[in-house]
Amino acid sequence: MTMFHFFNCAILTFGPHAVYYSATPLSEYDTLGTSVKTAVVYLVTALVKLVCLATFLKVSENDVFDPSQELLKALIGFIDVAGLYFALTQLTHRNISQNHKFQAVGLGWAFADSVLHRLAPLWVGARGLEFTWEYVLQGLESNANLMLSLSLAALGSLMWLRKNKPKTLIPIIYACAGIVATMPSIVSYLRWGLGWQLPKVVGFQLFTSFTMALISWQLFSACQKPSS
Amino acid sequence: MMESSSSSSWMYQMMTAVLILIACVELCDASTVVVDVYRLIQYDIAGSPFGSRLASLNHHAASSSLLSSSTDLSRAVLVLPLTELNHHTSFINEYIEQGKPLGGLLLLLPQILRPERSETVGGHDDSFDKENLKKQLVDLEQKLIHATINYPVYFAFEDEDLDKVLADIKRNDAAGQPATATTGGYKLIVSSPAPKKLSSPTITNIQGWLPGSKADGDSNQLPTIAIVASYDTFGAAPALSVGSDSNGSGVVALLEIARLFSILYSNPNTRGRYNILFGLTSGGPYNYNGTQKWLKSFDQRLRESIDYAICLNSLGSGENGLWLHVSKPPENAYVKQIFEGLSNVAEELGVTVGLKHKKINVSNSRVAWEHEQFSRLRVTAATLSGLSAPPDLLESTGGLSDNREFVNEAAVVKSVKVVAESLARHIYGQQGKNINIFADNSSLAVNPSYIRSWLDLMSRTPRVAPFLSKDSPFITALKKELADHVVEVNLQHDVLDGMFTFYDSTVSTLQIYQVASVTFDLLLLLGLGSYLITLFSLLVITTRGLDDLISLFRRPPSRKVKSV
């Protein structure tokens, strides 16, 4: 019964990634290699981030929200953007269109994040006898994260790879990228600074990531038009 | 340089990651409520089983509201506060005496009975009907002890967490969905190995002497007076059987008497012409088996030198006065002398002492009073007790209800005065005279705070003999305390005789989990499945078009490469 619950939560956490891969043309162009490479880049980025956090951050004994520390944390969080930049521009990809490249990168990024952050707690916790909503919420969070990663990758590819984009859209693109990149810090502020409950935070994450995904999609297709 | 510093932080990083993982494991393993529970005693008398025969528990919780309906509870743990037992009078009859199947029973006792609370002297909670509670507990305990129960029975103390859980269980039960595997609810788990027989339980007797002054010749020629109290207990929950009254009060009285006479005997001028023998015996609930062993270990000369023995038993049970139980007819010279000595002093202190004569039946193995073991060996003895009638086997042996809350400290102090004063008048030949040897405010006054502190210690220490090891701290403390006052203190270890067999695992931890049902998980799976299918369809439509989706369902194996 508890194994059953574990499988449910695992499906919710990792299922969307698989569905995304198989439903979109990504599977037809065999972009798995790109996603795997991105996942490796994510791992390295995560390690660098951990080292930075350990070096620069004071260890706080209690869960108090300290603005200066949080600011530092947010800055370190931007290492993610650097990692994504590397994955999008420096990796040698097989000949796939920009359209698919950013999707493959975003997908690999989100999947690596889910595996790294959610698989172990899920394995340990969801099989326990005690029932909590925590792991279901965590699965939803993973969904939000997938959308966020895809939007960030889309915006990144607009910023760094596309040369001839409409001038009027450039500030919007940068603003959106900024918002998406600071989203983890915003969530952390809501969680610890304002003391929101987990369901509320996850709801917020789902809502904002969905909105951001829609906006970036619109931006991407708006930039697509003049080039084609 | 850079290389080395980054490698050291690498190590640090790895360690943090491991620590975080461990923290995760602990956090995720936590259950809703974890409480200490005390198992109903499991024992055999001459091979026939009594008490709770199982220890491990793994069932869903049910509340008492299901008792009235005819729900099958054989796979549920009934959580029953003691206060609710009144409303379910048929419960005891059906489930305990007739052995109707039950998954398990968790009895919630009021906090007032918690042994660790013993320092707070009673009277805090006046609204609480203590006498009623006690009667109810005694009743329940006797029924539990004498029944053979084929499901685990545990005791726990009510607290906030448990109350919350119980309220939840009741709400579920009232909503008409008793907890089962398909509806979720709470699961109660005690993981405990099958109870094992205790191999040859030991009993430990402690004795000490106050030798009298040798007028001429050997001190062994002096007559001896014995003061005896049995210190061990028996009850429904061995880990809660502290026996403040039976027989903690007797032990405390004995220690105080030893302390008083040690002051007198330390001065050669006031040393009496009697030896005083102090005995703390074990095995009291089992027909005073320890007393029997102890007396048999005496040699004939010593046994004959004992003038008489006074056994102290349950001295703190209220203001009903004391009873002197004897097995020789009241006309006997010694009995008369003891009784008159006691009642004279008692009268001065405003206590009544009654005399009860009960012949011993040698063919009957039941020994109701400790003095009967002396009488069987033709040593004059009497038991001074707050109880008026001889208890049955395993009755009034310091069980669940025999708690600090129910012990009257003043009664113990008075009893000590009565015994010590009458003894002193006898030893110093002052019978019938109105002198006060242990007068209040003198250096020989009875010390109430000494009595209180020992009573508190007794009320915190479960003392069921088979579960009390030979070198347990309690026995060491008793020995040391006695050795502070009297000489030649030694321990006698022996094996508890014959027909009793005990089983271990008396204390466990109960974990209460809130669990989801299989139905819930099935629904969740259905929901997730439809979510993923919708997501898949949406993605296919937006990225490849509706036709593609339809064609996907028409010819599943074919994968046409289409440019977007």
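The values are calculated or read from the model by the stated rules, or taken from the named source; none is laboratory data. The structure displayed is predicted, hence computed values, not measured ones. With ideal geometry, Cβ positions are generated from the backbone for all residues, glycine too; neighbour counts draw on all protein chains shown. Heavy atoms of the whole protein, side chains included, go into the accessibility calculation; ligands, DNA and RNA do not. Shrake-Rupley method; radii C 1.70, N 1.55, O 1.52, S 1.80 Å.
General remarks:
- Of the numbered criteria (1) open to solvent by 50 Å² or more (accessible area, probe 1.4 Å); (2) part of a helix (DSSP H, G or I); (3) away from chain B (no Cβ under 13 Å); (4) under 22 Å from A:I186 (Cα atoms), the one A:F86 fails is (4).
- Residues (in contact with a helix residue (DSSP H, G or I) (Cβ under 6 Å, 6 or more places away or on another chain) and open to solvent by 30 Å² or more (accessible area, probe 1.4 Å)) located in segment B:352-366: B:L355, B:I360
- Members of segment B:329-372 that are in a helix (DSSP H, G or I) and among the basic types (K, R): B:K336
- For segment A:151-173, a residue qualifies if it is closer than 19 Å to A:V105 by Cα and open to solvent by 50 Å² or more (accessible area, probe 1.4 Å), and exactly one does: A:W160.
- Residue list for segment A:89-109, restricted to those being assigned to a helix (DSSP H, G or I) and either at pLDDT below 85 or within 14 Å of chain B (Cβ to nearest Cβ) (or both): A:T89, A:Q90, A:Q98, A:N99, A:H100, A:K101, A:F102, A:Q103, A:A104, A:G106, A:L107
- Each residue in segment A:14-25 was checked for being open to solvent by less than 10 Å² (accessible area, probe 1.4 Å), touching a residue at least 40 places away in the same chain (Cβ under 8 Å) and touching a Phe, Trp or Tyr at 6+ places or on another chain (Cβ under 8 Å), and 1 pass.
- Selection from segment A:92-127 of residues that are open to solvent by less than 20 Å² (accessible area, probe 1.4 Å) and farther than 30 Å from A:C223 by Cβ: A:L122, A:G125, A:A126
- Residue satisfying all of: in segment B:67-101; within 18 Å of B:L510 (Cα to Cα) and more than 24 Å from the chain's Cα centre (by Cα); modelled with the lowest pLDDT among these: B:R75
- So B:F474, is it within 30 Å of A:F4 (Cβ to Cβ) and either among the aromatic types (F, W, Y) or touching a helix residue (DSSP H, G or I) at 6+ places or on another chain (Cβ under 9 Å) (or both): no
- Test: residue in segment A:190-206 that is within 14 Å of chain B (Cβ to nearest Cβ), in contact with a helix residue (DSSP H, G or I) (Cβ under 6 Å, 6 or more places away or on another chain) and either open to solvent by 50 Å² or more (accessible area, probe 1.4 Å) or at pLDDT 85 or above (or both): yes
- Residues considered: A:L53, A:L75, A:L26, A:L71. Of these, the only one that is touching a His at 6+ places or on another chain (Cβ under 8 Å) and not aromatic (F, W, Y) is A:L26.
The rows are residues; the columns are (1) assigned to a loop (DSSP other than H, G, I, E, B); (2) modelled with pLDDT under 90; (3) touching a helix residue (DSSP H, G or I) at 6+ places or on another chain (Cβ under 7 Å).
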{"position": "A:T34", "(1), (2), (3)": "no, yes, yes"}
{"position": "A:Y42", "(1), (2), (3)": "no, no, yes"}
{"position": "A:T45", "(1), (2), (3)": "no, no, yes"}
{"position": "A:V59", "(1), (2), (3)": "yes, yes, no"}
{"position": "A:E70", "(1), (2), (3)": "no, yes, yes"}
{"position": "A:L75", "(1), (2), (3)": "no, yes, no"}
{"position": "A:V81", "(1), (2), (3)": "no, yes, yes"}
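Each row is one residue, and each column tells you yes or no for (1) at pLDDT below 90; (2) touching a strand residue (DSSP E or B) at 6+ places or on another chain (Cβ under 6 Å); (3) open to solvent by less than 10 Å² (accessible area, probe 1.4 Å).
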| position | (1), (2), (3) |
| --- | --- |
| B:G316 | yes, no, yes |
| B:N320 | yes, no, no |
| B:H325 | no, yes, yes |
| B:F339 | no, yes, no |
| B:L342 | no, yes, yes |
| B:A368 | no, no, yes |
| B:R376 | no, no, no |
| B:S385 | no, yes, yes |
| B:S388 | yes, yes, no |
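- For segment A:5-32, filtered to residues that are touching a helix residue (DSSP H, G or I) at 6+ places or on another chain (Cβ under 7 Å) and of a type in the set (A, V, I, L, M), the residue that is nearest to B:L549 (Cα to Cα) is A:A23.
- Every residue from segment A:1-58 that is among the β-branched types (V, I, T) and facing chain B (nearest Cβ under 9 Å): A:T2, A:I11, A:V19, A:T24, A:V51, A:T55
- Residues of segment B:420-465 satisfying the condition of being among the hydroxyl-bearing types (S, T, Y) and within 19 Å of B:L482 (Cα to Cα): B:S449, B:Y450, B:S453, B:S459, B:T461
- Residue match in segment B:508-525 (condition: within 12 Å of chain A (Cβ to nearest Cβ), more than 23 Å from the chain's Cα centre (by Cα), surrounded by 14 or more Cβ atoms within 10 Å (Cβ to Cβ) and assigned to a loop (DSSP other than H, G, I, E, B)): yes
- Annotation for segment B:416-437: no member residue is open to solvent by less than 20 Å² (accessible area, probe 1.4 Å), under 18 Å from B:C311 (Cα atoms), of a type in the set (A, V, I, L, M) and part of a strand (DSSP E or B).
- When A:S185, A:S221 are checked against the criterion of being polar (S, T, N, Q) and buried (at least 16 other Cβ atoms within 10 Å of the Cβ), A:S185 stands alone in meeting it.
- Residue match in segment A:154-164 (condition: modelled with pLDDT under 90, among the small types (G, A, S) and closer than 21 Å to A:A74 by Cβ): yes
- Within segment B:293-314, considering residues that are in a helix (DSSP H, G or I) and of a type outside the set (A, V, I, L, M), the one surrounded by the most Cβ atoms within 10 Å (Cβ to Cβ): B:W294
- Residues that are within 14 Å of chain A (Cβ to nearest Cβ) and at pLDDT below 60 occur at least once in segment B:30-45.
- Qualifying residues in segment B:472-504 (those that are part of a loop (DSSP other than H, G, I, E, B) and either more than 30 Å from B:A156 (Cβ to Cβ) or open to solvent by less than 30 Å² (accessible area, probe 1.4 Å) (or both)) - the one modelled with the highest pLDDT: B:V486
- Subset of segment B:142-157 (residues that are more than 21 Å from B:A46 (Cα to Cα) and surrounded by fewer than 20 Cβ atoms within 10 Å (Cβ to Cβ)): B:A156
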